[in-house]
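Peer 1: A single structure is presented below for examination.
The values are calculated or read from the model by the stated rules, or taken from the named source; none is laboratory data. If you're wondering where the values come from, they're calculated on a predicted model, not measured in any experiment. Counting neighbours? That spans all protein chains shown, and the Cβs are built from the backbone with ideal geometry, glycine included. Side chains are part of the model used for accessible areas, which takes the heavy atoms of the whole protein and leaves out ligands, DNA and RNA. Shrake-Rupley method; radii C 1.70, N 1.55, O 1.52, S 1.80 Å.
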Amino acid sequence: MTKLDAALMPDVHGFFGEYGGSFVPPQLQTILDEITAEYLRIKEDPEFKKEMAYYMKQYVGRPSPIFFCERLTKKVGGAKIYLKREDLNHTGAHKINHCIGEAILAKKLGKTKIIAETGAGQHGVALATAAALIGLECEIHMGEVDIAKEHPNVVRMQILGAKVVPVTHGLKTLKEAVDSAFEAYLKDPVTQLYAIGSVVGPHPFPMMVRDFQSVIGTEARVQFQELTGKLPDNLVACVGGGSNALGLFTAFLNDESVNIYGVEPAGHGVEIPGKHAATLTKGTPGMIHGFKCYNLQDENGEPLPVHSVASGLDYPGVGPQHSYLHDIKRVNYTHIDDNDAIDAFFTLSRLEGIIPAIESAHAVAYAIKLAQKLPHEATILVNLSGRGDKDIDFVVENFGKKYGI
Ligand SMILES: *Cc1c(COP(=O)(O)O)cnc(C)c1O
């Protein structure tokens, strides 16, 4: 088996090289084994494939288009920049792709409830949507600090029929929300399914979420060739846990001619510990939430505080498959700081009429830098993972003045 093969499919224990696996209590391992077996079975089931294809087309609105940014390209003055428009999906981001998959899987496993954590509320909203669609109860754990900050998403989840559980201990943000949701899940793993929000957590979640998201790249590979006659020369996506990035990258990993860039959040600067979330850039291998990956951690293996202007990128770990792709150098991991991301947020809005999520603006910012170094014949395909409606109040309040608002 080549190194690249090992980067594409985990082994039976869920390892991509030395990363991934499943480090959980034995009682939970039994349940995870059941989930793995059922997933591997239904994944090949024509009925399930048909059902997924139906919801992707008729509900999510797939395929999402690819758009050539003519004015942005002209302004930047280098390679041609294209966007894969995941922001146009129902609910406004890529997360709905795997949430529908997880909800259908839960139903097939005979579960009645899906449970998860959320930080800014994006995963919570996508999961509450999928639960309403498929007919499951939904419980979302969220830190009290985030509940206060992200009021519209809290209300959205409640309108969709989900129960939002406030988490009141510790820093009252994402990490505590994960702990709390996990605890609630362990109380009854038989009737509930923990629906993870990215390509992280114990096996089989990194593989499963990656598979559900890979529809992005499968579509893009065909669409881009239709549009230009060639494969893209470069791919760019932001990396929090890494699901939208693997969604785009997977279909191109075997194409040697395609350069691939994963963009991590540099926050206030990667040289300042606690003020960024550039895990692959600055982290070291370790354990978090039941799996092995690069981590931003202290000398005792405790997660360090993280910061990014994009709350969806604010995680001290990263997917195990990314960790391995980093080691074998198939993907180049790079970073963009808060200021450059906000600048790209306004640039894309004002040159193309597309307001990106701040997460996605990290990818746009890197594409702008890359394009400047490349000839006009070169092409860059950016995964625009989500739309920026959720961010507008925050951006205007904190950065509006600089941009004349
Ligand atoms: C959650 C989110 C991300 C980060 O998650 P990944 O798993 O790294 O893709 C990126 N963009 C948007 C719009 C999100 O909502």
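Peer 1: Efficiency by 1/(1 + (r/R0)^6): what FRET value for ASN332 and LYS373, r their Cβ-Cβ distance, R0 = 22 Å, to the nearest 0.05?
Peer 2: Numbers: r = 13 Å, r/R0 = 0.59.
FRET efficiency, ASN332 to LYS373: 0.95.
Peer 1: Top mean-square fluctuation among LEU304, LEU381, LEU227, Gaussian network model of the chain, C-alpha springs under 10 Å?
Peer 2: Highest fluctuation of the listed residues: LEU227.
Peer 1: How large is ³J(HN,Hα) for each residue in region 363-374, as worked out from phi by the Karplus curve 6.51 cos²θ - 1.76 cosθ + 1.60 (θ = phi - 60°), to whole Hz, x for Gly and Pro?
Peer 2: 5, 4, 4, 5, 4, 4, 5, 5, 4, 4, 8, 10
Peer 1: Where is the GNM fluctuation largest for the chain (alpha-carbon springs, 10 angstrom cutoff): ALA53, ALA116, ALA344?
Peer 2: Between ALA53, ALA116, ALA344, it is ALA53 that shows the largest mean-square fluctuation.
Peer 1: Let me ask something else about it. Take the Cα pairs of region 40-156, get the Kirkwood Rh, then feed it into Stokes-Einstein at 25 °C and 0.890 mPa s and tell me D in µm²/s. The partial results should precede the final answer.
Peer 2: Values: Rh = 16.1 Å.
Once the numbers are plugged in, D ends up at 152 µm²/s.
Peer 1: For region 1-113, what is the accessible area per residue in Å², given a 1.4 Å probe and the full set of protein chains?
Peer 2: Working: 5470 Å² over 113 residues.
For region 1-113, the solvent-accessible area averages 48 Å² per residue.
Peer 1: Could you state the principal axis extents of the C-alpha atoms in region 152-280, from the largest down, to the nearest angstrom?
Peer 2: For region 152-280, the Cα spread along each principal axis is 53, 41, 31 Å.
Peer 1: Tally up the carbon and sulfur contribution to the accessible surface of the chain as a whole percent, 1.4 Å probe, everything protein left in place. Let's see the in-between values first.
Peer 2: Numbers: 8850 of 16390 Å².
Ligands and nucleic acids excluded, carbon and sulfur reach 54 percent.
Peer 1: Also, I was wondering about something else. Please report the net charge: other residues with Cβ closer than 9 Å to the Cβ of ASN383, K and R +1, D and E -1. Walk me through the numbers on the way to the answer.
Peer 2: Numbers: positive: LYS84; negative: GLU86.
Around ASN383, the charge tally is 0.
Peer 1: Can you work out the base-10 log of I(q)/I(0) for region 249-405 at q = 0.20 1/Å, using the Debye formula on its C-alpha atoms alone?
Peer 2: Log-scaled intensity ratios, in q order: -1.30.
Peer 1: Could I ask something else about it? For the chain, modelled as a GNM with alpha-carbon contacts under 10 angstrom, which of ILE159, ILE355, ILE147 fluctuates the most?
Peer 2: Checking each option, the largest mean-square fluctuation is seen for ILE159.
Peer 1: Turning to a different aspect of this structure: Under the classification rounded if a/c is under 1.5, otherwise prolate if a/b is larger than b/c and oblate if not, where does region 1-55 fall, given a ≥ b ≥ c as square roots of the Cα gyration tensor eigenvalues?
Peer 2: oblate
Peer 1: Debye calculation, C-alpha points only, no solvent: report log10 I(q)/I(0) for region 234-329 at q = 0.12, 0.18, 0.23 Å⁻¹, in the same order as the q values.
Peer 2: The calculated log intensity ratios at q = 0.12, 0.18, 0.23 Å⁻¹ are -0.36, -0.78, -1.17.
Peer 1: LYS84: which aspartates and glutamates have alpha carbons under 16 Å from its alpha carbon, excluding same-chain residues fewer than 8 sequence positions away?
Peer 2: Correct list for LYS84: GLU70, GLU219, GLU226, ASP233, GLU352, GLU359.
Peer 1: Quick one: which residues, 5 or more positions from PHE291 or on another chain, have an amide H under 5 Å from its amide H? H modelled 1.01 Å from N in the peptide plane, none for Pro or chain starts.
Peer 2: Residues meeting the amide H criterion: PHE23.
Peer 1: Per-residue HN-Hα couplings for region 84-91, Karplus 6.51 cos²θ - 1.76 cosθ + 1.60 at θ = phi - 60°, whole Hz, x for Gly and Pro?
Peer 2: 8, 8, 5, 5, 8, 5, 3, 6
Peer 1: Can you flag which of LYS57/LYS230; LYS49/LYS113; LYS329/LYS390; LYS108/LYS187; LYS75/LYS175; LYS57/LYS108 are past 29 Å Cα-Cα? Before the final figure, lay out each step's value.
Peer 2: Working: LYS57/LYS230 25 Å; LYS49/LYS113 22 Å; LYS329/LYS390 34 Å; LYS108/LYS187 21 Å; LYS75/LYS175 40 Å; LYS57/LYS108 21 Å.
From LYS57/LYS230; LYS49/LYS113; LYS329/LYS390; LYS108/LYS187; LYS75/LYS175; LYS57/LYS108, over 29 Å: LYS329/LYS390; LYS75/LYS175.
Peer 1: Please list the non-local residues whose amide H lies under 5 Å from the amide H of LEU193, H modeled 1.01 Å from N, same-chain partners needing a gap of 5 or more.
Peer 2: Amide H neighbours of LEU193, under 5 Å, 5+ apart: LYS113, ILE114, ILE115.
Peer 1: Right, another one. Mind pulling up the Rg/Rh value for the chain? Radius of gyration and Kirkwood radius, both on Cα.
Peer 2: Values: Rg = 19.7 Å, Rh = 21.0 Å.
Rg/Rh: 0.94.
Peer 1: Still on this structure: Considering only DSSP beta bridges where both residues belong to the chain, give the percentage that are antiparallel (nearest 5). It would help to have the intermediate numbers written out before the result.
Peer 2: On the way: 14 of 47 bridges.
The antiparallel proportion sits near 30 percent.
Peer 1: Taking region 12-116, which GluC sites (Glu not before Pro) meet the DSSP loop condition and have no more than 12 other C-beta atoms within 10 Å?
Peer 2: Values: sites: GLU18, GLU34, GLU38, GLU44, GLU47, GLU51, GLU70, GLU86, GLU102; in loops: GLU18, GLU44.
Counting only loop positions with at most 12 other Cβ atoms within 10 Å, the GluC sites (Glu not before Pro) in region 12-116 are GLU44.
Peer 1: Would you please state the base-10 log of I(q)/I(0) at q = 0.29 1/Å for region 130-176, with intensities from the Debye formula using one equal scatterer on every alpha carbon?
Peer 2: -1.01
Peer 1: Follow-up. Restricting the calculation to Cα positions, tell me the Rg (one decimal) and the Dmax (whole number) of region 33-97 in Å.
Peer 2: That works out to 17.4, 53 Å for Rg and Dmax.
Peer 1: Which value in Å is the Kirkwood Rh of region 331-381 over different Cα pairs?
Peer 2: 11.4
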